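Student: Okay, handing you the structure first.
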Amino acid sequence: MTWTQDPIYISGMLCMFVLLSVWLAKFKGWKIVGMPILVIVITAIAANFGIIPTATGGNPVYVGIFKCLAPMGIFIALLEVDLKSLKKAGMPILLMFGIGAVGTIIGVLVAWYLVKPAVEIGPMANAVAGMYTGTYIGGSINFNAIALSYQVNENADLFAATTVVDNLIGTPWIIATLILPKYLQTFLPRKKLLPSGNAGQKIKTNESVSIAGLASILGLAFLAMAVSKLTSQFFPQIPEILTLTTIALILAQIRLLKKLEGTHTIGFFLILLFLSAIGTLCDLGTLVGLGDLAGVLFLFVSVLVLIHGLVIFGLGALFRIDWDVIAVASQANVGGNTTALAAAESLNRPDLLIPGVLVGSLGNALGTYGGFFIAGILG
């Protein structure tokens, strides 16, 4: 193991990349881009230049972030929101999430007939189409579930190619959905679906964190994650993230816990760490080494995501839906719970935190079914 693969070194560098993104976001030009986008881009550049390793090697730091810190960040961030935010933003985001899922299915079918991936991929092409359907309806949980079922993971080159291309296309789309609402609102203004009393729901930017507050927040997070894991053992059909979200929603309504200082600071920091790990998945070296296979997959997923974007933003514009709602719904489709939450944070829409995570959980539940359906009809 080289020193650049040392988990301690990697952890320190990821924190430094978060710090750099926070510092850059203070300046006028970079402030428009925002911390979530900056940390993804900075980390992707660092990973591809060898400053830190890419995530394709399965480094324990990245595994720990994806399995532990990301769900913890979701839980802690949800402790600062109010269920009343579902009142006006819930139905529009659910509608746009459904439209985004339909856009993904249309995109897969169009890409299948335009790109003809079966010529290069072979008999597993339908499984790959199902994997991309699942992941762009509700996140990577569905991608891996379908890959395991069709044993795509046993074909090392194919599985590596599908994973890298997924992240190389998915990450720019994450960035695009954080940028588009600001410009679309300028040229095609839409009324923002802000709930009544929204002034009390602004995302906190300055907090003081006490030892008692830190102990309370982290203690609740660890215990909630333990309960979620235990629940999934007895009821495997219920995703852990859904149980974790439910616990967070219940606790967030308790008046005493609403007074906790530090939920935004700690939760958003963990989300930024998760996004830095997302950046390390953009492994250009692995993609180039896979030749024609990578090219076919890159074109296939590009067509898929383009059509998803056209459908969700096009119909959203037709229905005059709030651009922020469309962006968060698309993130719930493409990236799942965590990126939907990060989008709501970046767009300064605390009222969309809960709706984004809830439809992301819905995507976790429905995406696998959609993926198996597509794999079945194309097989």
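Student: How far is helix 156-187 tilted, in degrees, relative to the longest principal axis of the Cα atoms in the chain, given as a value from 0 to 90 rounded to the nearest 10?
Tutor: With both axes taken from Cα atoms, the answer is about 50 degrees.
Student: Then there is this: Only Lys, Arg, Asp and Glu count, each charged at its Cβ (+1, +1, -1, -1), so figure out the dipole size of segment 108-195 about its Cα centre, rounded to 20 debye.
Tutor: 740
Student: How much of the accessible area of segment 253-379, probe 1.4 Å, is carbon plus sulfur, in whole percent?
Tutor: 70
Student: Nearest 10 degrees is fine. How inclined is helix 263-280 to the longest principal axis of the chain, computing both from alpha carbons?
Tutor: 20
Student: Now for a different question. Provide Asp6, Asp322 ordered by accessible surface of protein heavy atoms (probe 1.4 Å), highest first.
Tutor: Asp6, Asp322
Student: In addition: Could you give the radius of gyration (one decimal) and Dmax (whole number) of the Cα atoms in the chain, in Å?
Tutor: Rg then Dmax for the chain, in Å: 19.9, 60.
Student: Next question, about the same structure. Quick one: accessible area per residue over the chain, 1.4 Å probe, rounded to a whole number of Å²?
Tutor: So the chain comes to 44 Å² accessible per residue, rounded to a whole number.
Student: Please list 61-74, 99-112, 346-359, 266-279 highest first by mean number of surrounding beta-carbon atoms within 10 Å per residue.
Tutor: 346-359, 266-279, 99-112, 61-74
Student: Which residue, Ala248, Phe235, Cys282, has the largest displacement toward the positive end of the dipole of segment 228-315 when charges sit on each Cβ (Lys, Arg +1; Asp, Glu -1)?
Tutor: Ala248
Student: Using a simple charge model, +1 on the beta-carbon of Lys and Arg, -1 on the beta-carbon of Asp and Glu, nothing else, what dipole does segment 47-168 show about its Cα centre, in debye to the nearest 20?
Tutor: Taking the Cα centre of segment 47-168 as origin, the dipole is about 420 debye.
Student: Taking the Cα centre of segment 208-312 as origin, work out the dipole magnitude from +1 charges on Lys and Arg Cβ and -1 charges on Asp and Glu Cβ, in debye rounded to 20.
Tutor: Value, rounded to 20: 520 debye.
Student: Go from 0 up to the bin containing the longest alpha carbon distance in segment 223-306, width 5 Å each, and give me the % of pairs per bin.
Tutor: Here the calculated profile for segment 223-306 is 3, 11, 11, 14, 13, 12, 12, 12, 7, 4, 2, 0.
Student: Apply the Karplus curve 6.51 cos²θ - 1.76 cosθ + 1.60, θ = phi - 60°, to the phi angles in segment 119-129 and return the couplings in whole Hz, x for Gly and Pro.
Tutor: 4, 8, 7, x, x, 8, 4, 5, 5, 5, 4
Student: Ok, one more. For segment 91-163, I need the span (max minus min coordinate) of the C-alpha atoms along each principal axis, in Å, sorted largest to smallest.
Tutor: Reported extents, whole Å, longest axis first: 41, 27, 16.
Student: From the backbone phi of segment 96-111, what are the Karplus-calculated ³J(HN,Hα) couplings (6.51 cos²θ - 1.76 cosθ + 1.60, θ = phi - 60°) in whole Hz, Gly and Pro given as x?
Tutor: For segment 96-111, the Karplus curve yields 5, 4, x, 5, x, 5, 5, x, 5, 4, 4, x, 4, 5, 5, 4 Hz.
The values are calculated or read from the model by the stated rules, or taken from the named source; none is laboratory data. If you're wondering where the values come from, they're calculated on a predicted model, not measured in any experiment. Neighbour counts run over all protein chains shown; Cβ positions are idealised from the backbone, glycine included. Each accessible area value is taken on the protein alone, full model and side chains, heavy atoms only, with ligands, DNA and RNA left out. Shrake-Rupley method; radii C 1.70, N 1.55, O 1.52, S 1.80 Å.
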